[in-house]
Amino acid sequence: MIELETDPPERVDGRAARAERTRAAIVEAHLALIDSGDLRPTGERIAERAGVSLRTLWTNFKDMETLFAATGRRVGERQAALWRPVSPELPLTARIAAFCDQRARLLEVLAPSARASALREPFSPQLRRNREAAVTRVRQEIEAVFAPELAQAGPGREQLVDALTVAGTWSAWSMMRDSMGLDVDASRAVMARTLGALLVDAIAAGLR
């Protein structure tokens, strides 16, 4: 019987750890370029920033779509590190303020990547999936934070959730920050006013 030579576990683990560090460096380089204003970084620029060869980049990521997926996960991790739950037991005005304060922080973290994604999204299924996942997370948070008011919305509940989600996502934030030139405080105030008006109207409708 011929015994096959195999790498010892520590050597395999070491290679896996190095590969993971390389992938992480490439993702961080991609984000660093975007954060610095390079919204369409090429593979060459990403590899140079990461300190690896172009071949190494494409060995670890078979194409830009797989890199977009990994970068999207890293942005999500950045946001998750800042996220704190907002208790649905707080008074409505306090919940709106806490939710909008947090959304403003998270959207500002997201901003460079979102602007970069907008340039490539029409041609990238992965970037569209990244956006859809982000919208789903906001929708789920809205349903948790404003559960008491949504319970009073009756048949209009889904439409109300849609409206609240629109107000809390990047599209509305970009309109305020990029198209209208509002600063963060003004944009946050507009978001809070929009959410407040929608929720108070839902409460009033439920009391009729």
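The values are calculated or read from the model by the stated rules, or taken from the named source; none is laboratory data. Because the structure is a prediction, the values reported are computed rather than measured. No Cβ is skipped: glycine too gets one built from the backbone with ideal geometry, and neighbour counts run over all protein chains shown. All accessible areas refer to the heavy atoms of the entire protein, side chains included, with ligands and DNA or RNA removed. Shrake-Rupley method; radii C 1.70, N 1.55, O 1.52, S 1.80 Å.
Evaluated against (1) more than 23 Å from Ser36 (Cβ to Cβ); (2) open to solvent by 70 Å² or more (accessible area, probe 1.4 Å); (3) not β-branched (Val, Ile, Thr), Ala133 falls short on exactly one condition, (2). Kindly evaluate Thr93 against the criterion of being among the hydroxyl-bearing types (Ser, Thr, Tyr), assigned to a helix (DSSP H, G or I) and closer than 30 Å to Ala19 by Cβ. No.
Say whether the condition of being within 30 Å of Leu164 (Cα to Cα), in a helix (DSSP H, G or I) and at pLDDT 95 or above is met by at least one residue in region 43-59. Scanning region 43-59 turns up no residue that is within 30 Å of Leu164 (Cα to Cα), in a helix (DSSP H, G or I) and at pLDDT 95 or above.
Would you call Ala163 over 20 Å from Ala111 (Cβ atoms) and small (Gly, Ala, Ser)? Criteria met by Ala163.
Evaluated against (1) more than 16 Å from the chain's Cα centre (by Cα); (2) among the hydroxyl-bearing types (Ser, Thr, Tyr); (3) not in a loop (DSSP other than H, G, I, E, B), Ser87 falls short on exactly one condition, (3).
Residues that are outside any helix (DSSP H, G or I) and either open to solvent by less than 60 Å² (accessible area, probe 1.4 Å) or closer than 21 Å to Ser117 by Cβ (or both) within region 182-208 comprise just one, Leu182. None of Leu67, Leu107 is part of a helix (DSSP H, G or I) and either more than 30 Å from Glu149 (Cβ to Cβ) or free of Cβ contacts under 8 Å to residues at least 12 places away in the same chain (or both) except Leu67.
Here Arg15 meets each of (1) crowded, with 17+ Cβ neighbours inside 10 Å; (2) modelled with pLDDT under 95 with one exception, condition (1). Among the residues of this structure, Arg105 counts as one that is open to solvent by 60 Å² or more (accessible area, probe 1.4 Å), under 19 Å from Leu164 (Cβ atoms), within 12 Å of the chain's Cα centre (by Cα) and not polar (S, T, N, Q). Scanning region 73-82 for residues that are open to solvent by 30 Å² or more (accessible area, probe 1.4 Å) and touching a Lys or Arg at 6+ places or on another chain (Cβ under 9 Å) yields one hit, Leu82.
For region 111-120, the criterion of being at pLDDT 95 or above and over 26 Å from Ser36 (Cα atoms) is met by none of the residues. Candidates are the residues of region 114-125 that are open to solvent by 30 Å² or more (accessible area, probe 1.4 Å) and in contact (Cβ under 8 Å) with a residue 60 or more places away in the chain; the one that is nearest to Ala172 (Cα to Cα) is Arg115.
If the condition is being buried (at least 16 other Cβ atoms within 10 Å of the Cβ) and farther than 16 Å from Pro112 by Cβ, then region 166-181 contributes Ala167, Gly168, Thr169, Ala172, Met176.
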